[in-house]
Each structure stands twice: as C-alpha cells, then as structure tokens.
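K.L.:
Here it is, the structure in full.
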Amino acid sequence: MVLFSASQVTADPGQPDPAVTMAAPIDGPSVAVVEVGWADIVRLVDRHPQLAAGEYQVDAARGGVDAAGAVPNPTLEGTVGRARPRDGDAGIEWGLALSLPLDWIAQRGSMIDAAEAEVDVAMAENEALRRDVLLQLRVLFWSLAYEQASVASLEALEAHTSALVRTVQRRVEKGEARPVEVTRVEIELEKVASELETARISLSARQAELALWLGVPPGKPLVAVADLDALPAVADRETALAKARATHPALATARARTRSLEAEVDIEHRARVPSFSLTGFAELELDQRAYGVGLAVDLPVWNWSSGSIARAEASLAAGRKQAEAAALDLEATVIQAQAACHASVATATRFRNNVVPRSESAASMMEKTYQLGEVSLFEVIDARRTLLDAHRFYLSALAQAQIDCSRLSALVGEEPK
C-alpha cells in the first residue's frame, strides 16, 4: 500500500488552486495524487468562463442605467458664407444656432426604471447560471466518487475471486473437485477483471474531465475526497416548494422582466406628451446682427402612439402570463426533484441495510461450504455474481441519490457542503 503526505500547491494561472491538495507518495512510484473536495471546487467556481460572461452582462446592464439617465447633448449648428449686396462690397455672413432637446424629461424616469429592471434580470440570470454550473460540477464530482468506489469494489472482488481460484486449484490437486471447475472459476475471474478494466477506463475519463476544469496538469491522478455512503437529508415537499418560491432566480427573472415591460408601457404613454426643444441663435449679416431664442414643439397630430401603446400593453400581459407559467413549471420541477431525491435515498438505504449485507453473507457462506465440499462451484459463482450485482446497484443508487438531491438543492437555493 502506498502512503501519501499532504502538501499545499502554490497558486499559478492554469494551475490548481492552493485549496486543492497535492499528495506526494512517500514510497513507490513518484506519481503525485491531487486530492480535491467539494469545498475546493466551490472556491474555484467563479473562474468558470460562463460565470465571467454573466458578470459582464450585469456590467453591461448597469451601463444601460447610466445611458438611460444621461442628459442628451445639445446640437450646435453653424453656417458661414460670402454675400454681396446690390449696392456695396462683398462680405462674410455667418450664423450659429444651439438647440437643446427637452423631450427626454418626460420619459427619463420610466427609461431608468426599465434599465434598472434589466439589471435585475441580468443578476437573476447570472445566479441561475451559477446554480447550473455548480450542479454540473456536482454531478461530475459525484460521478468521479462513484467511479472510484466502483474500481475499489471490483479490485476487492478480483482479489477474492483470485483466492477462490487458488482454493479450487487446491481441491482439484487433492482430487476433491473436477479439473473443469478450475476453468469455470478462471472464466469468472476474467469477467471480473474485464469489468475492472472498464471501470478504470471510466474513472480515468472522469478524472480527466474534472482535472481539465481545475487546471490540474495532465498525468496527475485526481482523487475526489467524498463520503459516498453519507446519504443527504431529504427535505419534505412543502418546505422545498417554499424555499424555491422564495429564492429561485427564474421567478426573480420573471418579476424583473414584468417590471421592465411595465416601464415600457409607461414610456409609450409618455411619448404622447408634446416634445420641446429650445434653440438659441446668433447671426451676422452684412447689414445687421441678430440674436434670439426659439422654441420648437412636436405636436402629436397624426400619431398618438396608439399602436405602440397597444403593443407594449400586450407584451406586458404576455409577460405576466409567462411569469405565472414559470412559477408553475418551477413548482412541478421541484415536486419531481423532491420525489426523485426521496426515492433514490430510500433505494440506497434499502440496499445498504438489507441487500448488500445478505449478499455478502450468502457469498461467504457458500465459499466456506464449498471448501467443505457441501455445495457445488456453480452455487458459489452464482452467489458471487449476486454479490457483484448487489454492490454495483448499491454504488449506483448512492451516486444517484447524491445527484438527485443535488438537483433538489440547486432548485431550493441550498449549496451542498
């Protein structure tokens, strides 16, 4: 057995975070093992490019608030020309006009409200994205833990089957069993070895997936530090629904979008207010100088924004219905996730308490009675196959319980520890 001592790794771009432990072997081959727990992944999650993109979207929405509240720039218009009067010499004429629009004043408040609602939308969507990323990594983390446990279980089974092969060989040498039994048990050993090889390949792929995200250098084995047997607690349905209603970002997104649509309706209503612009001018002509101010009014004679108002109000009604649909969809999803979590935990508990111990007891008893010559090798092999299936189903149920309950935690806003 190879023993490992833990040491910290210094942070470096593209390298593991200091929280990820590097375990160096004390004896045996000089291959470092990177141990990673779920807390390490949570500390690294903000490096994910999708979350970084979400933060930029929030910044862009905040910039939209500044843009909505900005005062428009005045317009400066200048003219210059050469003129010749009928009874005099030619000269230069010029004119300047400064126009200041005032129509933005009526709509400014509603435009800021709409932009602020878009900030809330971006923040809620970023929170939803963070939950999705954490869930994806959680599934990958528990999948790696499952593959590790599966390999360990098959390695133990291979060792036990090898011992059974030696037992059968001794019985054949003593004339207590037929030589064909050696072939049968060796075939069984090959089957276990084949499953073990497949499990190791799957484990290597899971390690590579997680190592890619963590920035672990290629060639370093990655070990998930997790207690697969520790089944999570299952929240009851009403508690899960209440937490989801209070915290899920999908509902926050729907509410923020509704506020944005309400502001759009107000903007269209305020568009009916006549728009004003104030102009100041100065002109120099050959025979006079002129200064003054002017006021321009955009009269809503032909267009009273009726179509735009109707469109905005219809969009608002649709948004409210979509918010209702989002709430119903969320509740249905929470009910399904809570049921899946409850069922998978119950299945894993039943296998742990009833199926696996009985299968182990039966396999052990069959081997002992075979050594005494009281049962056939076929019965021993059948008991060991039953034990293998029980272990396989038990590990699968454990991993499924962790994943199903992680989905429920993501829906109700509880980060798994």
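K.L.:
About the Cα centre of the stretch 161-234, what is the dipole size in debye to 20, counting +1 per Lys and Arg Cβ and -1 per Asp and Glu Cβ, all else neutral?
P.N.:
Once rounded to the nearest 20, the dipole reads 240 debye.
K.L.:
Could you compute the net charge surrounding ASP404? Neighbours are other residues with a C-beta less than 15 Å from the C-beta of ASP404; K and R count +1, D and E count -1.
P.N.:
On the way: positive: ARG138, ARG237, ARG407; negative: GLU414.
Local net charge: +2.
K.L.:
Looking at the square roots a ≥ b ≥ c of the eigenvalues of the Cα gyration tensor of the stretch 195-324, which shape do they give, rounded for a/c under 1.5, prolate if a/b is larger than b/c, or oblate?
P.N.:
Values: a/c = 4.92, a/b = 2.30, b/c = 2.14.
It is prolate, given that a/c is not under 1.5 and a/b is the larger ratio.
K.L.:
Going through the stretch 228-304, which chymotrypsin sites (Phe, Trp or Tyr not before Pro) have at most 11 other Cβ atoms within 10 Å and a DSSP loop state? Let's see the in-between values first.
P.N.:
Working: sites: PHE276, PHE281, TYR291, TRP302, TRP304; in loops: TRP302, TRP304.
In loop regions of the stretch 228-304 (DSSP not H, G, I, E or B), the sparsely surrounded chymotrypsin sites (Phe, Trp or Tyr not before Pro) are TRP302, TRP304.
K.L.:
Right, something else. Where is the GNM fluctuation largest for the chain (alpha-carbon springs, 10 angstrom cutoff): SER150, SER344, SER359?
P.N.:
Its mean-square fluctuation being the largest, the pick is SER359.
K.L.:
Cα centroid distance between the stretch 236-315 and the stretch 124-182, in Å?
P.N.:
Computed from Cα coordinates, the inter-centre distance equals 64 Å.
K.L.:
Treating only the Cβ atoms of Lys and Arg (+1) and Asp and Glu (-1) as charged, compute the dipole magnitude of the stretch 365-417 about its Cα centre; round to the nearest 20 debye.
P.N.:
That gives a dipole near 100 debye.
K.L.:
Please state the shape class of the stretch 98-211: rounded when a/c is under 1.5, otherwise prolate if a/b exceeds b/c and oblate if not, all from the C-alpha gyration tensor.
P.N.:
prolate
K.L.:
Can you pull the Rg over Rh of the stretch 281-399, Cα-only, Kirkwood?
P.N.:
Rg/Rh for the stretch 281-399 comes to 1.79.
K.L.:
Moving on. If you count only protein heavy atoms with a 1.4 Å probe, what accessible area per residue comes out for the stretch 243-363, rounded to a whole Å²? Don't skip to the end; give the middle numbers.
P.N.:
Details: 7330 Å² over 121 residues.
Heavy-atom SASA per residue in the stretch 243-363 reads 61 Å².
K.L.:
Which residue, chosen from ALA106, LEU135, GLN148, occupies the Cα position most advanced towards the positive end of the dipole of the stretch 104-150, where the dipole is computed from +1 (Lys, Arg) and -1 (Asp, Glu) charges on Cβ about the Cα centre?
P.N.:
About the Cα centre, the residue reaching furthest to the positive side is GLN148.
K.L.:
Another question about this same structure. Rounded to the nearest whole Å³, what is the per residue volume of the convex hull around the Cα atoms of the stretch 268-317?
P.N.:
93
K.L.:
Determine the dipole magnitude for the chain: charges of +1 sit on the beta-carbon of Lys and Arg, -1 on that of Asp and Glu, nothing else is charged, the reference point is the Cα centre, and the result goes in debye to the nearest 20.
P.N.:
With only Lys, Arg, Asp and Glu charged at Cβ, the dipole is about 1080 debye.
K.L.:
Hey, in the GNM for the chain with a 10 angstrom Cα cutoff, which one of GLN57, GLN402, GLN288 fluctuates hardest?
P.N.:
GLN288
K.L.:
In the Gaussian network model of the chain, springs joining C-alpha atoms below 10 Å, which of GLN338, GLN400, GLN136 carries the largest mean-square fluctuation?
P.N.:
Most flexible of the set in this elastic network: GLN136.
K.L.:
Sticking with this structure for a sec: Put +1 on the Cβ of every Lys and Arg and -1 on every Asp and Glu Cβ in the stretch 154-256; which of ALA246, PRO179, ALA199 then has its Cα farthest towards the positive end of the dipole?
P.N.:
ALA246
K.L.:
Per Stokes-Einstein, at 4 °C and 1.567 mPa s, what whole-number D in µm² s⁻¹ belongs to the chain, with the Kirkwood radius over Cα pairs as the hydrodynamic radius?
P.N.:
The Stokes-Einstein estimate is 45 µm²/s.
K.L.:
I would also like to ask the following. Between beta-carbons, use under 15 Å as the cut-off and find the net charge around VAL375, counting Lys and Arg +1, Asp and Glu -1.
P.N.:
Overall, the nearby charge balance is 0.
K.L.:
A further question on this structure: Just going by the charge dipole of the chain, with Lys and Arg at +1 and Asp and Glu at -1 on Cβ, which of ALA235, SER344, VAL380 is farthest out on the positive end?
P.N.:
The Cα lying farthest towards the positive end belongs to VAL380.
K.L.:
Which value in deg cm²/dmol, rounded to the nearest 500, describes the helix-derived mean residue ellipticity at 222 nm for the chain, given -39,500 (n - 2.57) per DSSP H run of n ≥ 4 and division by the residue count?
P.N.:
-22500 deg cm²/dmol
K.L.:
Something else: With a 1.4 Å probe and all protein chains left in place, how much of the accessible area of the chain comes from carbon and sulfur atoms, in whole percent?
P.N.:
Answer for the chain: carbon and sulfur cover 55 percent of the accessible area.
The values are calculated or read from the model by the stated rules, or taken from the named source; none is laboratory data. Everything numeric here is computed off the predicted structure, so don't read it as measured data. Note that each Cβ is placed from the backbone with ideal geometry, even for glycine, and that neighbours are counted across all protein chains shown. To get the accessible areas, we keep the full protein, side chains included, count just its heavy atoms, and leave off ligands, DNA and RNA. Shrake-Rupley method; radii C 1.70, N 1.55, O 1.52, S 1.80 Å.
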